[in-house]
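Working notes, beginning with the structure itself.
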Amino acid sequence: MSSEPRTRLRKFLFTAVLLLVFLTSLLLGELYTRSRSVSTDFAKFLFFTEFKIDRWEYLSQNSTIHQLDVVMESFPNIQYTEQPEANRPPFDQIPHPFEVKHNRFGFRDQDFVLDRNKRQIMVLGDSIAFGKGVTVEERFTTLLAERLENVQVFNLGLQGCTAECMSRLWKQYATYLEPDLLLIQASGNDLDQILWKESAENRLPGFRLRALRIVQHSRLAQWVLFLRGTDRISQQMRVAKQTVVDSKGSFVTAMYESANRRNVPIWIINLPYAYDYHYGEHMTELCTQNACRPEIKVEFGRSEADLNCSTGLSEATEDFVSKTAQQMPLTEEQLSRVFPYRRCFHDVVHLTKHGHAVVSEQVYSAIKDSVSD
């Protein structure tokens, strides 16, 4: 064999050995990262990768249902059973059907019959105020009305409602209801939809959807990205909040100014997602000292009143955390650290009856003196 073929063979073997060593190192690294213990922060990182992939794909395929005119379309005096959404993961699905009945205005509430001998509270919100996954009797607005004497609570919550949606509802119904107090349950839809849109248009820090699909299959790749601080949800949330403030601020400010002219106090309910990130700052940031009262920042695990939310005190039941653990390379114990008050949530955002009870308790404590005679 001449020297030239031998040289080519040696180069080929050398390259093959290097490639084999590289692939073996990747395999060992993958096995190592899958065997090592997972911190709470890394468990959040792994969950958010899966969550964003699924959520952004869903929004891309169902963008029309979140259009403002569709969300605000009125269906008066109808009654139906809302079923769990087919093919949705457990962290983004109400697990059971629930009954819905609309009043003559198209809201899930009793008819708005005003008693001028009582004070009126107008509630704006999204699917949380609407009561997705719970009965009307279990909603925080109903529980609140039961505790407040000589007060009527009118719930105008709509599924999919955003800050702009609430501003329109205020303009449409403020004159009719003439509320003495405005309660705004700040919507998580604002951040949710902006995160998706900013990512789709390549304006969001961190990985795009296509890149997320690639790294989701490798624990080693995700660990490296986590150590580098790449694609952290907190940075994306800050960008999304500021984008909402910049793009929707005029609608929100107009609502605040209108309420202020009517001498209607505004209280903003700032709720957390199930992983404890509060998503109402975009509404409170637009408040001036004169327009809004201090926000009601709902905290779970704060007092004995919400012990039912604590996983350590709950009976053994299968919920979205246990079901998610069956579908992800994370144990239930690891996900339990990501969602410490899981019994208060049906999924990442929607409250169970326990969660509504906590909200009712904390809202009542905040506003009771404002509406007392």
Go through segment 195-233 and give me each residue that's open to solvent by 50 Å² or more (accessible area, probe 1.4 Å), part of a helix (DSSP H, G or I), closer than 30 Å to Met283 by Cβ and without any contact (Cβ under 8 Å) to a residue 60 or more places away in the chain.
Lys197
Step by step: first the residues of segment 113-134, then only those that are assigned to a loop (DSSP other than H, G, I, E, B) and touching a residue at least 40 places away in the same chain (Cβ under 8 Å), then the one that is farthest from Phe98 (Cα to Cα). Which residue is that?
Leu114
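Which of the residues that make up segment 348-372 are part of a helix (DSSP H, G or I) and either open to solvent by 10 Å² or more (accessible area, probe 1.4 Å) or hydroxyl-bearing (Ser, Thr, Tyr) (or both)?
Pass one, segment 348-372, residues part of a helix (DSSP H, G or I): 353-371.
Listed by number, the residues that qualify are Lys353, His354, Ala357, Ser360, Glu361, Gln362, Tyr364, Ser365, Ala366, Lys368, Asp369, Ser370.
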Only unsatisfied item for Asp69, checking (1) open to solvent by 40 Å² or more (accessible area, probe 1.4 Å); (2) in a loop (DSSP other than H, G, I, E, B); (3) under 20 Å from Asn189 (Cα atoms), is (2)
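Give the residues of segment 126-174 that are of a type outside the set (S, T, N, Q) and at positive phi, sorted by residue number.
To start, the set of residues in segment 126-174 that are of a type outside the set (S, T, N, Q) comprises 126, 128-134, 136-140, 143-149, 151, 153-154, 156-158, 160-161, 163-166, 168-171, 173-174.
Hits for segment 126-174 are Gly131, Gly133, Gly160.
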Given the conditions (1) assigned to a loop (DSSP other than H, G, I, E, B); (2) out of contact with any Lys or Arg (no Cβ under 8 Å at 6 or more places or on another chain), report the number of the one that Ala259 does not fulfil.
(1)
So, in segment 283-325, how many residues would count as being more than 22 Å from Ser360 (Cα to Cα) and either modelled with pLDDT of 80 or more or assigned to a loop (DSSP other than H, G, I, E, B) (or both)?
18
Cβ-Cβ below 8 Å, separation at least six or inter-chain, first residue in segment 51-65 and within 22 Å of Ala274 (Cβ to Cβ), second open to solvent by 50 Å² or more (accessible area, probe 1.4 Å) and at pLDDT below 85: which pairs?
Ile53/Arg213; Trp56/Ala200
Among the residues of segment 261-292, write down those that are of a type in the set (S, T, N, Q) and open to solvent by 70 Å² or more (accessible area, probe 1.4 Å).
Asn263, Thr288, Gln289, Asn290
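The rows are residues; the columns are (1) part of a strand (DSSP E or B); (2) under 30 Å from Thr175 (Cα atoms).
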site: Phe48; (1), (2): no, no
site: Phe51; (1), (2): no, no
site: Ser60; (1), (2): no, no
site: Thr64; (1), (2): no, no
site: Ser74; (1), (2): no, yes
site: Tyr80; (1), (2): yes, yes
site: Gly106; (1), (2): no, yes
Identify all residues within segment 234-248 that are surrounded by 16 or more Cβ atoms within 10 Å (Cβ to Cβ) and out of contact with any Ser or Thr (no Cβ under 9 Å at 6 or more places or on another chain); write none if there are none.
Met237, Val239, Ala240, Lys241, Thr243, Val245
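Checking the condition surrounded by fewer than 11 Cβ atoms within 10 Å (Cβ to Cβ), free of Cβ contacts under 8 Å to residues at least 24 places away in the same chain and more than 25 Å from Gln235 (Cα to Cα), which residue from Leu20, Leu27 passes? Break it down stepwise before answering.
On the way: Leu27 fails: surrounded by fewer than 11 Cβ atoms within 10 Å (Cβ to Cβ).
Unique residue meeting the criteria: Leu20.
For residues in segment 181-194 being touching a residue at least 60 places away in the same chain (Cβ under 8 Å) and among the hydrophobic types (A, V, I, L, M, F, W, C), which is nearest to Val348 (Cα to Cα)? Write out each step before concluding.
Taking segment 181-194 as the starting set, the residues that turn out to be touching a residue at least 60 places away in the same chain (Cβ under 8 Å) are 181-193.
Subset that is among the hydrophobic types (A, V, I, L, M, F, W, C): 181-184, 186, 191.
Numbers: Leu181: 29, Leu182: 26, Leu183: 23, Ile184: 20, Ala186: 16, Leu191: 14 Å.
Only one residue tops the list, namely Leu191.
The values are calculated or read from the model by the stated rules, or taken from the named source; none is laboratory data. As the structure is a prediction and not an experimental result, all values here were calculated from the model. No Cβ is skipped: glycine too gets one built from the backbone with ideal geometry, and neighbour counts run over all protein chains shown. For the accessible areas, the whole protein counts, side chains as well, though only heavy atoms, and no ligand, DNA or RNA atoms are used. Shrake-Rupley method; radii C 1.70, N 1.55, O 1.52, S 1.80 Å.
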